[in-house]
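Structure, as structure tokens:
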Amino acid sequence: MTFIRGGRIVAIAALVALGATACSGGGRDKGEDSEQGGGGNAAGSSGYTIAFVTHETPGDAFWDKVRAGAEQAAKDEGVTLKYSNDPDASKQAVLIQNAVDSKVSGIATTLVTPNALAGAVKTATDAKIPVVGLNAGIDQYKQLGALMYFGSDETLAGQSAGERIAAGGAKHPLCVIHQQGSVSLEARCAGLKSKVPGTENIQVNGADDAAVTSTIQAKLAQDKSIDYIMTLNSQVAQDTLKAQEQAGSSAKVATFDLDTQVAQNVQDGKIEFSVDQQPYAQGYLAVSSLYLYLKNGNDIGGGRPVLTGPSFVDKSNIAKILPFTKNNTR
Amino acid sequence: MSHDVQAARPAPAAPETPAASRRPGLGNRLLLRPEVGALVAALVIFLFFLVAAPAFRSMESFFTVLYQASTIGIVAVGVGLLMIGGEFDLSAGVITTSAGLVTSMFSWWFGVNLWVGALLSLIFCLAVGFLNGWLVMRTGIPSFLITLGTFFVLQGANLGVTKLVTNSVTSPDISQIAGFSSLGAVFSSNFGLGPVTVWITVLWWLLFVALATWILQRARSGNWIYAVGGSPESARAVGVPVVRTKIGLFMAVSFLGWFVGMHTLFRFNTLQAGNGVGNEFLYIIAAVVGGTLLTGGFGNAAGVAIGAFIFGMTNLGIVYAGWDPNWFKAFLGVMLLLAVLVNLYVKRMATARRTA
């Protein structure tokens with residue numbers, strides 16, 4: 001049967017693999033792996049434990065950077081970090097409640113669904129646990145009782161991007177929403193539309209690259225007047241470049257978020273610019289600000305939200321930023 | 001793979017398929033073919049979009065639809081066979097991502113030729129399929145539960161391992177590794193045919209459909225598949241190797257999942273570890289819309305292919321028509337319900353005739 005033959009094949013493959021190690025280019029850079037792995041909680045020498053609760057959908061590159069930033073801050077400051085996440089609002093509320101129950105020193109949380117999280121945040125503030133918000137909830141964090149906020153203003157980010165593409169001559173841009181019902185993605189597109197009234201939204205299935213590509217390709221075939229495509233995450237930007245090539249469209253492409261490939265494409269001129277909200281900084285600042293508050297009573301932002309974006313990455317500054325994307329910090 | 005269940009053992013004639021056991025009039029015979037309802041639906045939807053969506057009328061659009069259908073349709077062929085055999089596989093969506101991740105990360109980490117990574121990934125996927133089938137047969141727990149477990153294990157492992165190996169949740173860019181172009185030619189090349197671009201997945205899809213049709217109609221293992229899906233006990237009683245047939249079907253699904261995973265990897269160079277979730281339902285929908293009975297024992301490969309084509313057509317037709325694609329899932333749901341109703345009707349007719 002196949003699986004018995006399979007056993008032999010595994011053995012052969014393993015031998016071939018071992019023999020062929022390091023014979024091919026394009027692989028991992030073998031010099032650098034010892035210092036990789038930037039996370040991990042240090043011994044917790046400060047004695048503080050900080051809970052970090054997000055609405056991350058598992059496997060999202062953006063959130064991975066937020067988390068990397070938070071872990072680096074925890075390491076730098078000797079804080080024990082407890083990371084947890086759930087995209088479902090009611091489950092995220094339970095995670096915050098868990099943190100309160102386990103009597104952490106501070107809580108950093110995203111406030112993506114303020115109404116659903118208000119109760120849990122209140123139990124935290126009632127228990128005298130300081131809370132900071134990050135990434136989402138810029139308009140609500142204060143009334144919920146959070147002390148500080150770190151993130152991008154999505155509407156402002158959309159507007160800034162809109163101004164930019166309007167200056168570039170965009171009349172009929174396409175705004176690609178890869179996650180149905182996401183408030184922050186809708187806010188970006190709405191911001192875009194406020195500056196370029198011809199903006200049209202399109203919904204794609206962000207979990208299937210082939211589907212994203214063919215949907216955008218179909219849209220480009222249906223409407224030849226589309227002159228700009230705005231994607232809202234880095235993977236969709238890659239898919240869009242493929243679709244554009246297939247459809248023979250000359251529309252320009254810009255995106256939110258940054259990764260190695262987007263950075264490379266910005267450098268190569270295939271992507272006009274990226275709107276970066278600096279997720280690594282969001283995670284880092286949220287943890288550091290709690291640390292400073294606990295240790296020193298500091299109030300970062302002076303009662304106002306601290307904006308980590310929109311930070312534009314384009315040809316003018318890509319040379320400086322490109323190396324950081326390879327470290328998973330930008 | 002499906003070939004494996006063809007091993008020689010003289011088996012007495014398995015119970016015949018319902019469609020072949022009667023000789024009613026032509027109209028009824030047509031109605032009793034699983035793909036006819038889907039074919040009618042496909043034609044109606046096709047004509048509908050021809051009228052409603054000007055951009056749908058070009059050949060380029062038609063081939064984009066075929067491409068979209070092929071990436072769903074290839075795995076759906078296997079899922080359809082498995083469902084005819086009376087089982088489900090909920091891990092079929094994420095295994096496409098697992099397949100790509102194993103290939104890319106193994107080759108990237110060790111710096112070896114991608115062919116080695118692809119082969120290793122194939123073995124990995126076949127092993128997952130084997131494990132699914134073996135656990136189902138060994139424990140008697142419904143495949144729905146077993147493969148739900150596999151689904152979660154793979155989903156978590158995709159994330160966990162990717163993060164461990166690459167320190168991010170995106171797989172590394174493999175386009176510079178040896179073997180990329182040759183594998184790309186096999187799995188994700190395209191060629192121009194007049195004004196249109198034909199993706200190789202469309203050809204592979206047709207090939208797999210033809211192969212599955214041949215197995216179901218002509219090969220002895222085809223009879224076995226209908227038999228184990230219709231009634232495992234009587235199948236076993238007449239000497240059909242039930243365990244081997246079902247395990248083979250699970251392995252066929254994961255083979256095809258591997259295939260689509262290779263396509264995605266070599267077309268897009270990198271993968272996000274969270275991808276693929278949800279596609280398992282699209283495969284099942286394609287199979288059901290194509291006339292496969294959820295209870296097993298009935299259906300065929302052409303029907304499943306038509307189901308996948310309907311999926312691709314609706315998905316993109318809405319975009320070609322310039323409508324709000326937020327509604328797409330609602331359309332899909334309505335179609336699924338209609339298909340199930342048609343299937344129910346057909347099944348009632350079939351049983352009524354048998355008892356008459």
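The values are calculated or read from the model by the stated rules, or taken from the named source; none is laboratory data. Here the structure is a predicted model, which is why all the values come from computation and not from measurement. Here the Cβ is made from the backbone with ideal geometry for all residues, glycine too, and neighbour counts use every protein chain on show. Remember, those area values only see protein heavy atoms, side chains included, never the ligands or the DNA or RNA. Shrake-Rupley method; radii C 1.70, N 1.55, O 1.52, S 1.80 Å.
Is region B:308-321 home to any residue that is within 11 Å of chain A (Cβ to nearest Cβ), more than 17 Å from the chain's Cα centre (by Cα) and not in a helix (DSSP H, G or I)?
yes
Do the conditions hold for B:ALA19, that is, is it assigned to a loop (DSSP other than H, G, I, E, B), open to solvent by 30 Å² or more (accessible area, probe 1.4 Å), at pLDDT below 95 and aliphatic (A, V, I, L, M)? Break it down into steps so the answer makes sense when it comes.
Numbers: assigned to a loop (DSSP other than H, G, I, E, B): no; open to solvent by 30 Å² or more (accessible area, probe 1.4 Å): yes; at pLDDT below 95: yes; aliphatic (A, V, I, L, M): yes.
Against the criterion (assigned to a loop (DSSP other than H, G, I, E, B), open to solvent by 30 Å² or more (accessible area, probe 1.4 Å), at pLDDT below 95 and aliphatic (A, V, I, L, M)), B:ALA19 does not qualify.
Only residues in region A:199-217 that are at the interface with chain B (Cβ under 7 Å from one of its Cβ atoms) count as the first member; pair them with residues that are assigned to a strand (DSSP E or B), Cβ under 6 angstrom, at least 6 apart or cross-chain, and list the lot.
A:ILE202/A:LEU174; A:ILE202/A:VAL176; A:GLN203/A:ILE177
For region A:143-185, name all the residues that are open to solvent by 60 Å² or more (accessible area, probe 1.4 Å), touching a residue at least 12 places away in the same chain (Cβ under 8 Å) and assigned to a loop (DSSP other than H, G, I, E, B).
Within region A:143-185, A:LEU147, A:LYS171, A:GLN179, A:GLN180 qualify.
B:ILE310: open to solvent by 20 Å² or more (accessible area, probe 1.4 Å), touching a residue at least 12 places away in the same chain (Cβ under 8 Å) and closer than 24 Å to B:LEU50 by Cα, yes or no?
no
Residue check: is B:VAL240 buried (at least 24 other Cβ atoms within 10 Å of the Cβ) and at pLDDT below 95?
Yes; evaluated as a whole, the condition is true for this residue.
Kindly check whether there is at least one residue in region B:215-225 that is surrounded by fewer than 21 Cβ atoms within 10 Å (Cβ to Cβ), modelled with pLDDT of 95 or more and more than 21 Å from B:VAL112 (Cβ to Cβ).
Within region B:215-225, the first condition is being surrounded by fewer than 21 Cβ atoms within 10 Å (Cβ to Cβ), and the residues that meet it are B:217-220.
Keeping just the survivors that are modelled with pLDDT of 95 or more gives none.
Looking through region B:215-225, none of the residues is surrounded by fewer than 21 Cβ atoms within 10 Å (Cβ to Cβ), modelled with pLDDT of 95 or more and more than 21 Å from B:VAL112 (Cβ to Cβ).
Within region A:309-321, does at least one residue satisfy the condition of being among the hydroxyl-bearing types (Ser, Thr, Tyr) and either in a helix (DSSP H, G or I) or crowded, with 23+ Cβ neighbours inside 10 Å (or both)?
No - not one qualifying residue is present in region A:309-321.
Taking region A:203-229, which residues are hydrophobic (A, V, I, L, M, F, W, C), surrounded by 24 or more Cβ atoms within 10 Å (Cβ to Cβ) and within 26 Å of the chain's Cα centre (by Cα)?
Matches in region A:203-229: A:VAL204, A:ALA210, A:VAL212, A:ILE216, A:ILE229.
Would you call B:GLY296 assigned to a loop (DSSP other than H, G, I, E, B), away from chain A (no Cβ under 14 Å) and either aliphatic (A, V, I, L, M) or surrounded by fewer than 24 Cβ atoms within 10 Å (Cβ to Cβ) (or both)?
Here the answer is yes, as B:GLY296 does meet what is asked.
Looking only at residues in region B:127-142 that are in contact (Cβ under 8 Å) with a residue 60 or more places away in the chain and either open to solvent by 30 Å² or more (accessible area, probe 1.4 Å) or not aliphatic (A, V, I, L, M) (or both), which one is nearest to the other protein chains (Cβ to nearest Cβ)?
Among residues in region B:127-142 that are in contact (Cβ under 8 Å) with a residue 60 or more places away in the chain and either open to solvent by 30 Å² or more (accessible area, probe 1.4 Å) or not aliphatic (A, V, I, L, M) (or both), the one nearest to the other protein chains (Cβ to nearest Cβ) is B:PHE130.
Just a yes or no: is a residue in region A:276-290 open to solvent by 10 Å² or more (accessible area, probe 1.4 Å), more than 22 Å from A:GLU154 (Cα to Cα) and in a loop (DSSP other than H, G, I, E, B)?
Checked against the condition, which is being open to solvent by 10 Å² or more (accessible area, probe 1.4 Å), more than 22 Å from A:GLU154 (Cα to Cα) and in a loop (DSSP other than H, G, I, E, B), region A:276-290 yields no hits at all.
Say we look at region B:226-237 and pick out the residues that are open to solvent by 30 Å² or more (accessible area, probe 1.4 Å) and touching a residue at least 40 places away in the same chain (Cβ under 8 Å); which of these is farthest from B:ASN300 (Cα to Cα)?
The extreme case among them is B:SER234.
In region B:197-214, which residues are within 11 Å of another protein chain (Cβ to nearest Cβ) and either among the polar types (S, T, N, Q) or surrounded by fewer than 19 Cβ atoms within 10 Å (Cβ to Cβ) (or both)?
Residues satisfying the conditions are B:THR197, B:THR201.
In region B:67-88, which residues are of a type in the set (Phe, Trp, Tyr) and open to solvent by 10 Å² or more (accessible area, probe 1.4 Å)? Quick ask: steps written out before the conclusion?
Just the residues of region B:67-88 that are of a type in the set (Phe, Trp, Tyr), to begin with: B:67, B:88.
Matches in region B:67-88: B:PHE88 only.
Taking into account only those residues within region B:117-126 that are in contact (Cβ under 8 Å) with a residue 24 or more places away in the chain and aliphatic (A, V, I, L, M), which is least open to solvent (accessible area, probe 1.4 Å)?
B:ALA118
Against the condition in contact (Cβ under 8 Å) with a residue 60 or more places away in the chain and away from chain A (no Cβ under 12 Å), how does B:GLY278 come out, does it pass? It would help to see each step written out before you state the result.
Details: in contact (Cβ under 8 Å) with a residue 60 or more places away in the chain: yes; away from chain A (no Cβ under 12 Å): no.
Taking the combined requirement at face value, the residue does not satisfy it.
Take residues that are over 18 Å from B:MET262 (Cα atoms) and under 26 Å from the mean Cα position of the chain (by Cα) and tell me which of the helices (runs of 4 or more DSSP H) falling wholly in region B:101-202 contain 2 or more.
Output list reads B:114-139, B:143-166.
Any idea which of B:THR97, B:THR64, B:THR103 is surrounded by 22 or more Cβ atoms within 10 Å (Cβ to Cβ), touching a strand residue (DSSP E or B) at 6+ places or on another chain (Cβ under 9 Å) and closer than 30 Å to B:VAL165 by Cα?
Numbers: B:THR64 fails: closer than 30 Å to B:VAL165 by Cα; B:THR103 fails: touching a strand residue (DSSP E or B) at 6+ places or on another chain (Cβ under 9 Å).
None of the other options fit; the residue is B:THR97.
Check off (1) within 20 Å of B:PHE266 (Cβ to Cβ); (2) among the aromatic types (Phe, Trp, Tyr); (3) outside any helix (DSSP H, G or I) for B:PHE88 and give me the number that stays unchecked.
With respect to (1) within 20 Å of B:PHE266 (Cβ to Cβ); (2) among the aromatic types (Phe, Trp, Tyr); (3) outside any helix (DSSP H, G or I), B:PHE88 is out only on (1).
Looking for something within 17 Å of A:ASN328 (Cβ to Cβ) and small (Gly, Ala, Ser) - is there at least one such residue anywhere in region A:109-120?
No, the conditions are met nowhere in region A:109-120.
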